[in-house]
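Rule-based calculations on the coordinates, nothing more; no lab input. Predicted model only: the values in this text are computed from it and were never measured. Backbone-built Cβ (ideal geometry, glycine too); neighbour counts: all protein chains shown.
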Amino acid sequence: MLVIGIAGGSGSGKTTVAHAVVNKLGDENVALISQDSYYADLSHLSPEQKQHINYDHPDSFDNHLLVQHLKSLREGQPIEVPTYDFSTHSRTNKTLHVPSKPVVVIEGILILAAPELRNQMDIKVFVDTDPDVRILRRVMRDINERGRTLESVHEQYLTTVKPMHEAFVEPSKRYADLIIPEGGQNEIAIDLLTSLIERYI
Ligand SMILES: Nc1ncnc2c1ncn2[C@@H]1O[C@H](COP(=O)(O)OP(=O)(O)O)[C@@H](O)[C@H]1O
Ligand SMILES: O=c1ccn([C@@H]2O[C@H](COP(=O)(O)O)[C@@H](O)[C@H]2O)c(=O)[nH]1
C-alpha cells in the first residue's frame with residue numbers, strides 16, 4: 001500500500017488536489033481520508049465551550065486512531081472513519097466504511113507536523129497558497145458550508161488559525177517531497193503526482 005500525505009494551510013486547496021488525484025486514478029484504487037475526520041471527540045463540552053477551542057493546534061486531533069487506521073488498511077482490513085460536523089464542532093454518531101485499497105491519500109492541515117503520521121507516508125506533498133487567497137476562500141466556505149458568520153471567521157482566524165498556521169503548518173513544509181503552488185488548478189503538478197503514484201500501482 002502506498003500512502004500519500006497532502007498537507008497545507010486551511011483553504012490552500014488540499015481537498016481539491018486530493019479529489020483530483022482520486023478522479024484521475026479511480027476510486028477503486030485510492031482511499032481518501034481527511035485528518036478533519038479525526039478531530040478529537042469533544043461531545044462532553046457545551047456549544048459555547050466548543051466555539052472557543054483551538055482547532056488548529058496539533059493536539060486537537062486523535063492521531064493515535066488515525067495511525068491505527070492506517071495500520072489496519074496496510075494489513076488489508078477495512079476501517080470505520082468517524083464523521084465530523086463542522087457546524088456543531090462535533091463527531092457525529094455515523095462512520096464511513098473505507099476498504100483497504102492500493103493507494104491511500106490522507107489530507108489535512110497538520111499531517112506533516114506529526115512524526116507518527118509522517119512515518120507512515122511514502123510521498124509527502126504540501127499545497128502552498130498565499131494567506132490572502134486562503135482566508136478569502138475560507139470566509140466563503142465557512143459561511144456557505146460550515147454555518148459561520150463573517151465575525152466568527154474573522155475572530156477565529158486572528159486568534160487561532162493564523163498563529164497556529166505560522167507555528168505548526170508552515171514549518172511542516174520542510175518535510176514535503178513535493179510543494180504544489182496554488183493547489184487545485186495546478187494541472188501540471190497534479191499530473192506529475194498522479195504519474196508518480198501510477199508507477200507504484
Ligand atoms: N484553485 C482554486 N480556485 C478557486 N477556488 C478554489 C481553488 N481551489 C480550491 N478552491 C475553493 O476553495 C475552498 C477551499 O478549498 P479546499 O480544497 O477545500 O481547501 P482545503 O482542503 O485546503 O481547506 C473550496 O470552496 C474550493 O472550492
Ligand atoms: O470544529 C472545528 C474543527 C475545525 N475547524 C477548522 O477547520 C480547519 C481545517 O479544515 P480545512 O478543510 O483544512 O480548512 C482548521 O483551520 C480549523 O480552524 C473549525 O473551525 N471547527
Let's see if you can work this out: charge +1 on each Lys and Arg Cβ, -1 on each Asp and Glu Cβ, no other charges. What is the dipole magnitude of segment 2-198 about its Cα centre, in debye to the nearest 20? 140
So for each of 81-88, 18-25 I average, over its residues, the number of other beta carbons within 10 Å; can you give me the resulting order with the highest mean first? 18-25, 81-88
What ranking, highest mean first, results for peptides 172-180, 187-195 when packing means the other Cβ atoms within 10 Å averaged over each residue? 172-180, 187-195
Positive-end residue, the chain charge dipole about Cα centroid, Cβ charges, pick of SER90, ASN54, LEU73: LEU73
What relative contact order, as a whole-number percentage, does segment 1-93 give when Cα pairs under 8 Å and 6 or more residues apart are counted? 29
Ratio Rg/Rh, restricted to segment 33-125 and using Cα atoms, in which Rh is the Kirkwood radius: 0.98
Given +1 on the Cβ of Lys and Arg, -1 on the Cβ of Asp and Glu, and no further charges, what dipole in debye does segment 1-116 carry about its Cα centre, rounded to the nearest 20? 260
With an 8 Å Cα cut-off and a minimum separation of 6 or more residues, compute the relative contact order for segment 2-198 in percent. 36
For q = 0.28 Å⁻¹, what log10 I(q)/I(0) does segment 27-79 give under the Debye formula with an equal point scatterer on each alpha carbon and no solvent? -1.15
State which entries of LYS94/LYS162; LYS71/LYS124; LYS24/LYS101; LYS24/LYS94; LYS50/LYS124; LYS14/LYS173 exceed 20 angstrom in Cα-Cα distance in the structure shown. LYS94/LYS162; LYS24/LYS94; LYS50/LYS124
Pull out a ≥ b ≥ c, the square roots of the eigenvalues of the alpha-carbon gyration tensor of segment 155-201, then state rounded if a/c is under 1.5, prolate if not and a/b is larger than b/c, and oblate in the remaining case. prolate
For the chain, share of DSSP beta bridges that run antiparallel, in % to the nearest 5: 25
Dipole moment magnitude, nearest 20 debye, segment 90-190 about Cα centre, only Lys, Arg, Asp, Glu C-beta charged: 400
Quick check: net charge around SER152, other residues with Cβ under 10 Å of its Cβ, Lys/Arg +1 and Asp/Glu -1? -1
Volume of the Cα convex hull of segment 2-198, divided per residue and given in Å³: 113
For PHE61, which sequence-distant residues (separation of 5 or more, or a different chain) have an amide H within less than 5 Å of its own amide H, given hydrogens modelled in the peptide plane? ALA40
For ILE201 and GLU166, extending 7 Å from Cα along the Cα-Cβ vector and measuring point to point gives, in nm, a value of 4.0
